[in-house]
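Below is one structure, written out as structure tokens, with a few remarks after it.
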Amino acid sequence: MTGSDLTHILQSLILSMVAGVPLLLAILCCTSIGKKAHRIFPWTVVPALITISCVPLDSVVEVPWFFMGGRMGLDETGRIFLCVAAFIWLLSGMSAVKHLADDHHRPRFYGFFLSSMAGNFGLILAQDMLGFYLFFALMSFSAYGLVVHHKTDETRKAGLTYLGLVMIGEIAIFISLLILADSARGLAMEDLSGISIHMAAIIFLFIGFGVKIGAIPFHIWMPPAYQAAPIPAAAALAGAMVNAGLLGWLRFLPLGYTVHPEGAKLFILMGTFATFYGVIIGLGKRKAGAVLAYSSISQMGLMTVIFGLGLTGVETGQQAATCLIIYAVHHSLAKSSLFLGYGAIVFHSKKLSHWHLAGLLLPSLALAGLPLTSGAIVKTGFKELAASIGEPWSSLTLFLPLSAIGTTMLVLHFIQIVRKTVHEENAPPGSFSFAWAISLAAVALSLWVWPVSETYAIHSLAGNKMWQALWPVAFGCLLSWLWLKAYTSNTFTRLSALLKRFSFDQLCSSIHWPDFLLRSGKNILIPKEWFPFSQFSWLDFFPNKAEKVLGRWTVVGLFYLIICIFLMASY
């Protein structure tokens, strides 16, 4: 046996253990050993950490025993995603040990938690399309057990919604895989570089991985799932598993090799819409998990725009890939920190202290893009990317201040909800969570010491860049204060009562209808029940009623069926 053979065996063993160890322990959780799994299950990320530090970059090993011959490896992109995922899974596991200490069903939670972790790690290391697809499915379906863990009517409903959207996403990914395999030379990821990709594959990939990141209109699973899942599971969902959708786009549509102007328009338009939709709907929610979910929808919308910009050219794609990865790291660390902080405060503290408030403000204002935070770095990268492309895409920088204003209002709304929740809960006194403290340190320092983001970090310190990042956050704080004052003074309640008087009948009586629509001069020939808005006041219908209508299976299924028929006919 030569030295190269031994190295190959060791690399294969280490790479296999990254997903194999948590998957093996997940199986053991089904036995009596599962009651003692809490002692070691957070540390199942150790093989992933060893891989990050020991396995050389761009190393790929063949795994003949895997489904149809698998390939595993570690490139620069995979290394970054694996590092972030391992970090968040570790902190979520540490939080779960404390959060579920008195839960009699914690072995079941550990099993689904570890299975989801195994799928997440496996898809990052997968270097072939089938392997990525199988690990993605393992992660997605295992997460169902995390959503329905508490077994209430609310969690079951959230789980069914999540499971249905996951199935739609898996079908879309499989169809796109068939289309790509027909054009590529093989099933390896490297075979996708430089091939001509049909628009049908672009749309199916947008749907399939868009389900995971909460792309409109396939976002409806995210708010109820984030609210229903235990806090540690929600932190993993929002911080680690959501990145699987972004990585899927980067793998199947490699930026720097794939140029598709029509696909770029799809991603940019849908991402722009999601950016503002998440803020508008999120401001109307009264549960912390739902608010953070709509914040993720908005932030992932910005990342969708960045990906779309990367599809406009080769050089632009390389720059967009770097910007997108930096943004993904920033969002994952900040969002998981908010969930961990929410759990530490609400379930282990009687009141919101100044330290707790500071701990919530750091990741919140980082998401908004406050100067000297990681958010300012990623927003600088976004602006430089859009400016380098030229018209008409350079005008996208104009909506960044609006996005920052909306995000500021949304995260401050979340903090207000946490403050009220703490006073309502009768929780035992507790201390500052260790896992939360580590996550806050990562939010504050990671992008400033990371060489990949060094250029954007230096540029964000320029005087004009700091002012451009400061005034939207300050204006968002002012609007939040005015919003809170108006809400506490019952201004919105009075306005709502006034607008609710503007009913359907009054609308009909205020309009001079043509004679051919009238029966007796008063009644309309078309029954008002046929009118789509007749059962709701105008204020109630938008946006909450619209969200419920969008969440009906008939609407989602019909929308998906129309897309499938159209694409199959055009392919």
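Structure notes:
- Total residues in segment 312-350, condition under 26 Å from Leu372 (Cα atoms), of a type in the set (Phe, Trp, Tyr) and more than 14 Å from the chain's Cα centre (by Cα): 1
- Entry remark, segment 108-131: residues being outside any helix (DSSP H, G or I) and under 20 Å from Ile27 (Cβ atoms) number 0 in total.
- Segment 175-200 - residue that is part of a helix (DSSP H, G or I) and more than 27 Å from the chain's Cα centre (by Cα) and, of those, farthest from Leu250 (Cα to Cα): Asp182
- Residue selection: Tyr226 satisfies the criterion of being under 11 Å from the mean Cα position of the chain (by Cα) and either on the phi > 0 side of the Ramachandran plot or assigned to a helix (DSSP H, G or I) (or both).
- Across segment 152-171, not a single residue is classified as surrounded by fewer than 14 Cβ atoms within 10 Å (Cβ to Cβ), small (Gly, Ala, Ser) and closer than 30 Å to His198 by Cβ.
- Long-range neighbours under 9 Å by Cβ, at least six apart or interchain, first residue over 12 Å from Phe113 (Cα atoms) and at pLDDT 70 or above within segment 27-44, second among the basic types (Lys, Arg) and in a helix (DSSP H, G or I): Cys30/Arg108
- Among the residues of segment 119-147, the ones that are surrounded by fewer than 22 Cβ atoms within 10 Å (Cβ to Cβ) and hydrophobic (A, V, I, L, M, F, W, C) come to 5 in all.
- Looking at Gly248, Gly239, Gly278, Gly271, just one residue is in contact with a Lys or Arg (Cβ under 6 Å, 6 or more places away or on another chain) and crowded, with 23+ Cβ neighbours inside 10 Å, and that residue is Gly239.
- Meets criteria (more than 18 Å from Phe382 (Cβ to Cβ), hydroxyl-bearing (Ser, Thr, Tyr), part of a helix (DSSP H, G or I) and at pLDDT below 90) for Ser431: no
- Test: residue in segment 366-379 that is of a type in the set (Ser, Thr, Tyr) and touching a His at 6+ places or on another chain (Cβ under 6 Å): yes
- Of all positions in segment 100-107, none carries a residue that is buried (at least 24 other Cβ atoms within 10 Å of the Cβ) and part of a helix (DSSP H, G or I).
The values are calculated or read from the model by the stated rules, or taken from the named source; none is laboratory data. Keep in mind that what you see is a predicted model, and the values were worked out from it rather than measured. Backbone-built Cβ (ideal geometry, glycine too); neighbour counts: all protein chains shown.
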